[in-house]
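The values are calculated or read from the model by the stated rules, or taken from the named source; none is laboratory data. Predicted model only: the values in this text are computed from it and were never measured. Neighbour counts run over all protein chains shown; Cβ positions are idealised from the backbone, glycine included. These accessible areas exclude ligands, DNA and RNA; they are computed on the full protein's heavy atoms, side chains included. Shrake-Rupley method; radii C 1.70, N 1.55, O 1.52, S 1.80 Å.
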Amino acid sequence: MSPLPSIDFGHTPYETAFGRGDVYDVGIKAERTAKKPLKLAIAGCGGVAQAKWIPAIRRLQTIGEPVEIAGVADPDAATRAKAGAICGAPAFDNLGEMIAETKPDLLLVLASDAFHAPIASQAIDAGIPCLVEKPLAATQAEAEALVRLASDKGVLLSAVANKRFSPPYAQAKALIEAGALKSSPTVFTGKFTLGYPYVDLLSGGTVHLFDLMLWFMGPVAKLNARGTFFDDGRLQSAVISCAFRSGAVGTVMTSASGLSFGPWERVEIFGCNAFLVVDNQFELTLHDDETGPAKTWRPSIPNTLMFDESFGGYSGLLENILDAVRGVTPLAVTGRDGAAAMALIDATRRSLAQGCEIDLIAERPLS
């Protein structure tokens, strides 16, 4: 195994804080200021825009990213006025008008789920790259149609998978690629719980866990789900077993009967006589020695400067797509990745409804 890699865990680098005296890591960096300036616009100005993405943009601007918020759009007058004031940008009630007037280099599609595909399609038709919140679309068919449209038009399409850029998961990926599990991943187990009754358990939360599972383990060959339901027919809990094309196996447990503010997410990935655990997108532990100590990564509080938009992975994902729009780096999360997660949601729903295993290889032998 190569030396253990190191991913920033929410700390200002030591040399930055003590060598340059830049404790907030906001000093001017020539490589950032030399980037091509870009304009982005926001479609959908609700909670996720105001609490996650606008702060992520502001964080990138603070550390020198040459990006400007050119405009925001939302059908609700009060919501768009508030977001426009926060961003210092003009607010629109019409997406086409905003695109025509602001001519953005990137559109963040942050509207409610049913409008993801229609908004992104309109932007892609106008040649505007899109970053689309999860889920990529309301249905698998819509997601795949959106991916095809972007491909046909030659326009960048990225799906929100911010957890890939969160330090515990980024560190886990780096460890696996460095050989820390002593083999390719053989088993994946994931747990996700949600307590908000107004959020769909699968497309509103478990989609993140599906994306992580695909990122770590590769394509799923077969899927089988069993579940329980509330009296009104909503999914209460499900256990989903998967066989991967690699030969590995995995399970996902997801439930709307847990606590959203309590223990809510856990991922375990096994290799050969070694495994790692990520708890609550906060702490990573590697167990790779029968007698030696476990190796643990977690933020050091209060001796760290953690920003939710950074530790949550939002600013990292956004920086990647901005650089992809500039043509200087590959897109880390594609629209196809978003569609793949939606395919697992669709397969889960069909398995629950039909009480059978879904053979994804038989359905999509070339995907």
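When we screen Leu209, Leu181 for residues that are in contact with a Gly (Cβ under 6 Å, 6 or more places away or on another chain), free of Cβ contacts under 8 Å to residues at least 60 places away in the same chain and either within 22 Å of Ile7 (Cα to Cα) or not in a helix (DSSP H, G or I) (or both), the only hit is Leu209.
Looking across the stretch 35-63, the residues that are assigned to a loop (DSSP other than H, G, I, E, B), modelled with pLDDT of 95 or more and open to solvent by 10 Å² or more (accessible area, probe 1.4 Å) come down to Lys35, Lys36, Pro37, Gly46.
Filtering the stretch 111-163 to residues that are open to solvent by 40 Å² or more (accessible area, probe 1.4 Å), among the charged types (D, E, K, R), assigned to a helix (DSSP H, G or I) and touching a helix residue (DSSP H, G or I) at 6+ places or on another chain (Cβ under 8 Å) leaves Asp113, Asp125, Glu142, Glu144, Lys153. Does Gly258 count as of a type outside the set (Ser, Thr, Tyr), crowded, with 16+ Cβ neighbours inside 10 Å and either in contact (Cβ under 8 Å) with a residue 40 or more places away in the chain or touching a helix residue (DSSP H, G or I) at 6+ places or on another chain (Cβ under 7 Å) (or both)? In short, yes.
Restricting attention to the stretch 304-321, which residues are buried (at least 19 other Cβ atoms within 10 Å of the Cβ) and in contact with a helix residue (DSSP H, G or I) (Cβ under 9 Å, 6 or more places away or on another chain)?
Scanning the stretch 304-321 gives Glu309, Ser310, Phe311, Gly312, Gly313, Tyr314, Ser315, Gly316, Leu317, Leu318, Glu319, Asn320.
Those strands (runs of 3 or more DSSP E) of the stretch 253-325 in which 1 or more residues are acidic (Asp, Glu) occupy 265-270, 275-279, 283-287. Can you name the number of the only condition in (1) crowded, with 18+ Cβ neighbours inside 10 Å; (2) more than 30 Å from Leu40 (Cα to Cα); (3) among the small types (Gly, Ala, Ser) that Ala324 fails? Only one criterion in (1) crowded, with 18+ Cβ neighbours inside 10 Å; (2) more than 30 Å from Leu40 (Cα to Cα); (3) among the small types (Gly, Ala, Ser) is unmet by Ala324, namely (2). Listed by first and then second residue, the pairs linking a residue in the stretch 100-126 that is more than 11 Å from Ile42 (Cα to Cα) to a residue that is in a loop (DSSP other than H, G, I, E, B) and hydroxyl-bearing (Ser, Thr, Tyr), with Cβ atoms under 9 Å apart and 6 or more places separating them unless they lie on different chains, are Ala117/Thr139.
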